[in-house]
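Accompanying notes for the structure given below.
Laboratory data are not the source of any read-out in this text; all were calculated from the coordinates shown. Predicted, not measured: the structure shown is a model, and the values here were computed from it. Cβ placement follows ideal geometry from the backbone for every residue including glycine, while neighbour counts extend to all protein chains displayed.
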């Protein structure tokens, strides 16, 4: 009997950070069956709108993570959540720094959508992976900001508001998992293959390390999409995840 590797515990999601629907769908098709979960972010959604979401769902049978990082007054964010859920997206982001009232309004809207058959799980963005302690201190006007402490504070707000999970870097994933266990799903961006460039992100991690730290979802960007052979790069990720590194 041949031993087969177990399925990865973390779900890899490929970021379609391109400017047109044609580019996005070309890349998704190149990945073939190696990936059936894609991130549509602000650049692509602004350019192509709901059409690209439906194309990924209908043509490729893919799940969509709509990464809009909503941050506005509670009523506006709640309306945006209802609209996004109506598109059939599986995951949607809001900014945890929007405050408890905003998070609660977003979650109430998501629950209402789910009751109507449009389930959409919300993830609260804690601290962007492009920020380090110095840049975060300047942005927030406070000296001595400790990123892990801020991530844990924002994650606690997300859990209390009832959200599905949070977005944090791999560097904070273990601490969030220790504090919240399975109550919060962790999505970790900034995933890079060993030896790969960090590009414009400060806090990066390999797929296996992020999975070991407790990530449930991994965002794969240029490590896959900028590779000479994206499908091969994706297979490398899947092999690393199923083997544990």
- Checking 22, 159, 172 against a Gaussian network model of the chain (alpha-carbon springs below 10 Å), the top fluctuating residue turns out to be 22
- Message: Can you compute the FRET efficiency between residue 59 and residue 108 using 1/(1 + (r/R0)^6), with r the Cβ-Cβ distance and R0 = 35 Å? Round to the nearest 0.05.
- Response: 0.60
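Would you kindly state how much longer the chain becomes between residue 135 and residue 232 on full extension, computed as 0.36 nm times their sequence separation minus their alpha carbon distance, in nm to one decimal?
Numbers: separation 97, 0.36 × 97 = 34.92 nm, distance 3.55 nm.
Using 0.36 nm per residue and subtracting the Cα-Cα distance, I get 31.4 nm.
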- Debye sum, Cα scatterers, the chain, no solvent: what log₁₀ I/I(0) at q = 0.10, 0.16 1/Å? -0.46, -1.21
- Task: Calculate the translational D of region 87-137 in whole µm² s⁻¹ from Stokes-Einstein, where the hydrodynamic radius comes from the Kirkwood formula applied to all Cα pairs, the temperature is 10 °C and the viscosity 1.306 mPa s.
- Result: 129 µm²/s
- Mean projected area (nm²) from the convex hull of Cα positions in region 31-80 is 3.9 nm²
- Query: Using a Gaussian network model of the chain with C-alpha springs under 10 Å, which one of 143, 67, 157 is most mobile by mean-square fluctuation?
  - Reply: 143
- Query: In region 207-226, which residues have a backbone nitrogen under 20 Å from the label point lying 7 Å from residue 47's Cα in the Cα-to-Cβ direction?
  - Reply: 220-226
- Rounded to whole Å, sorted largest first: equivalent-ellipsoid semi-axes of region 51-187, Cα gyration tensor: 27, 16, 15
